[in-house]
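To start, the structure itself, in structure tokens.
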């Protein structure tokens, strides 16, 4: 336990604001016996901009659920503007406190965006014109005015996330609480969030692992560990103390990467095919193949269109050779996941598809799953067995392997992801990081030639990310990594494919990608801002050491 | 048993012709199906779990769109019951024509009507195929004896009965789009509240409707990750076990989601009811339209009972 | 299998509607108001589950799930089924609007019965829960099929043949439903047993 410097503002002698929340000795235990909060004492003043950080499972979400009375008070006290939370106060208070949870689908419970955004203001008792004005201005702020009457299920993930934020902002809350607002968003959408949050005038509490995102927004940091407050100081102090970050699994400085100045842009139109299937009229569009080994997978002029006529991928040329480590980047909706689904044989597109030199036919397409392993973005969608052992054994059993072989493979896969001893555990009750590793083990046990990982690091705390990095680094097989995370691209890939509007626009060595400053103009993949923040933080840490 | 009615013996050549025609038609439909199957790019990727949007055409003006939903449902729903009460083939056919006209004037694409008809076709086909052969004999009825099926006479009466059922079902199914697809779903359901349906039920229907799409996405993602690990649905033990797990997972995640949705609702000031603004007042013409439709229904019923044509 | 419009005589249509409305009102009384949005969301999951078709030889069948709905929701099951069927008829024309009452009774009554049965016999071991789940699932479908045949039969002696065929067609569904329910309940028992106790939820 460290000394809590709770009145850091009083020291400077300015900006002492009215007390909004006063928590004293707050503890909370879930019905299943898990203690989530122990003796929390915290004062939150009007205008505070707090980053609430800590490892996965340290009690951040539980704490936030107390601040608007969703979870009942078990022991200790909680006062809002000096008053205890009686049912009467609770109703009025909730209208002043906006909370944005992680899954936007939970916020959008009406059948059109308009109704969703209007729900809060209408509960406040505003009249029809006021509500109408608010809804329109809020939807305009998040750039969704043109989709006002659409139902939520017709929106993309990023749009839903923005719509949920609009629904909260429309209540004009004085306190805004966000639980991992930027998980799974591309840098462009992240920028929209950052702009809106920076402009927000009231009190702000943000839970996030991404300290670089929080850097310009927050000025106070509260660090939770095992249900206790371990630090409560200025944000600058938090990021400048590397040992404290490390202790709380927040040390993101392992991910230092910086943009260079050189850049080398490959022409997307020049490509080569390993297997001669057709001739181009022009001489230069088929570059000579540098490598003569047979590729594991090859796509030539491959396109896929969704049944509703939206383009999935257009004219993709791609060669995957044994042992390659490839990163696939691009904005949300650029076609990355669609490309992965095509490689897995889930979508049947048009064009040439070779697997180990053989052109894909119906039979080969059906057996692609044995060759290519896939770890999807959301672990919840891919774990469907009542125990870890069954989960990892599912694939090998479907392959028709012998019982002994299945046993061996399960043991090996669990060992590889450091989950030995978890055989009997229930996947659903494990932590986010453990579930992600289990999902990887479930793919590894099939010993695929290629492993595709879709956003493996999303909403993992930095410590879990570091472990994942180590595991992935030790895998021998060919890897395709879909991510927005510059650090993982740098550490885990030698080659980078950039997708934009359904096409692969760049295919070059990762070092060239890292040096490429033109991308921002093309698809808003602005990774340089974070590098800038990171440099400032490293400076602070250096000063602190000196 | 009195069998004084007409008995028609179908000659073998005629029966053979019928049989040939039936084989030809089913062959043709199989060929068409296979071609459709081949043209569809994604047949093997995921089963078709698409869910139609009921109010996709709610903003093209028409007779039905400009009708106060409370009065619209309040008159078309009883009208459906009047159609159900029809007994003779002729007047059922008239009801079907009324429905076709309604669909036409509601500016809703006919494919949507057709989709509803195909959804029921399996159940109704069973009636068409079984009822004519299993109806009890009645005095004075026409029987058709097919060659080689001497013990199973084809009752013309039973056939008419099955046909009236099919036509009535079609007539009502086609009324669904004009009745429920011509206002946005929340407005339609608000109309039901004004007709006395408890608003608690209506809110539940709206919520259920919204989350159907969320869970549809969820099962598509879950099914996809089962497929990439080699799962194919068959009629065997492994499939049962895996699908059992799949359903268990779906229900558990739905219970988790209920809690989270409820919390999100509380956070935006939910206190037990959804706020709504009142709808525009019912106009006189709304009532006139309602009266017109009830009149049509009553007239159909009266004609059906006084002038039965082809009644089984 | 759901009854479509036009099959049942108006008297039976109206009578079943009246019974269904009474049942729904009663179900509504049993449920605390704050539970209603939650039941609505779970209903969506049941709705989606009933869209899934399982292969059965050359054809495929979809599940009716009355047993599992009853086991998981208890008295609220009737309400949930009514809403689910209303939406099915609205969106797909599976079951007609005028036959909604009969269809809701056909699914809702077995759900209530099997839910109660499940609570009575489920005991506290994995095996007994699995067996109770299998029984609830199988019997639920059996009762539904019997009610369907019963409704058809009371609608006129012309429908005797159809009623028999409908009953026979449900035999494979009953078998599949028994197996799937057993696995589903055993999965839930192992992963989140508190969902099977609707009194404490």
* Can you tell me the order of A:143-150, B:64-71, C:177-184 when each peptide is scored by its average per-residue count of other Cβ atoms within 10 angstrom, highest first? => C:177-184, B:64-71, A:143-150
* Most to least packed among C:124-130, C:53-59, B:21-27, C:155-161 [average Cβ atoms within 10 Å] -> C:155-161, C:124-130, C:53-59, B:21-27
* To do: Shielding by partners for A:150-160, please: the mean number of other protein chain Cβ atoms within 10 Å of each residue's Cβ.
  => 2
* Name the shape class, rounded, prolate or oblate, that the alpha-carbon gyration tensor gives for the stretch A:64-222, where a ≥ b ≥ c are the square roots of its eigenvalues, rounded holds for a/c under 1.5, and otherwise prolate holds if a/b is larger than b/c and oblate otherwise. => oblate
* Nearest-ten-degree value, helix B:199-227 long axis tilted from longest Cα axis of chain B -> 90
* **Sorted by Cβ density within 10 Å, fewest first, the residues C:109, C:69** => C:109, C:69
* Structure fact -> In terms of the alpha carbon gyration tensor, root eigenvalues a ≥ b ≥ c, rounded if a/c is under 1.5 and otherwise prolate when a/b exceeds b/c or oblate, the stretch B:46-306 is oblate
* Asked: If you count, for each residue, the other Cβ atoms within 10 Å and average over each peptide, how do A:389-400, A:68-79 line up from highest to lowest?
  -> A:389-400, A:68-79
* To do: For the stretch B:254-312 and the stretch C:27-86, compute the distance between their C-alpha centroids and round to whole Å.
  => 22
* Structure fact -> Scoring chain B by relative contact order with C-alpha pairs under 8 Å, at least six apart, yields a percentage of 35
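Let me check against my output: what whole-number percent is the relative contact order of the stretch C:10-193, with C-alpha pairs under 8 Å and at least 6 apart?
Relative contact order comes out at 23 percent.
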* Distance between Cα centroids, the stretch A:461-519 to the stretch A:307-384: provide it in whole Å. => 17
* **chain A, relative contact order in percent, only Cα pairs under 8 angstrom and at least six apart counted** => 16
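Across the residues of A:98-105, average count of Cβ atoms on other protein chains within 10 Å? Intermediate values should be presented prior to the final figure.
On the way: counts 2, 5, 2, 5, 1, 5, 1, 11.
Across the residues of A:98-105, the mean count of other-chain Cβ atoms within 10 Å is 4.
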* **For the protein assembly as shown: span of alpha carbons on each principal axis (Å, largest first)** => 115, 74, 59
* Among C:92, C:151, C:82, which one moves the most in a GNM of chain C with springs linking Cα atoms closer than 10 Å? -> C:92
* To do: Could you work out which residue, out of B:89, B:19, B:128, moves most in a Gaussian network model of chain B, that is, has the largest mean-square fluctuation with Cα springs under 10 Å?
  => B:19
* Asked: Relative to the first principal axis of the alpha-carbon coordinates of chain A, what is the inclination of helix A:388-398, with its axis defined by its Cα atoms, in degrees from 0 to 90 and to the nearest 10?
  -> 20
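Using only the Cα atoms of the stretch C:1-146, build the gyration tensor, take square roots of its eigenvalues as a ≥ b ≥ c, and label the shape rounded, prolate or oblate: rounded if a/c is under 1.5, else prolate if a/b is larger than b/c, else oblate.
Oblate, since a/c reaches 1.5 and b/c is not below a/b.
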* Asked: How many partner chain Cβ atoms sit within 10 Å of a residue's Cβ in peptide B:119-125, on average, as a whole number?
  -> 5
* Once Rh is set to the Kirkwood radius over Cα pairs, what Stokes-Einstein translational diffusion coefficient, in µm²/s, holds for the stretch A:375-448 at a temperature of 4 °C and a viscosity of 1.567 mPa s? -> 110
* Structure fact -> Which of C:87, C:135, C:72 fluctuates most in a GNM of chain C (C-alpha springs under 10 Å)? That residue is C:87
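Among A:436, A:336, which comes first, then next, by fewest other beta-carbon atoms within 10 Å?
Starting with the residue having the fewest Cβ neighbours, the order is A:336, A:436.
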* Using Cα atoms only, what is the angle between the long axis of helix A:462-473 and the major principal axis of chain A, expressed in degrees (0 to 90) to the nearest 10? -> 10
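Readers should treat all values here as calculations from the given coordinates under stated rules, not as data from a laboratory. Keep in mind the model is a prediction, meaning the values are calculated, not measured. Reconstructed Cβ throughout: ideal geometry from the backbone, glycine too, with neighbour counts over all protein chains shown.
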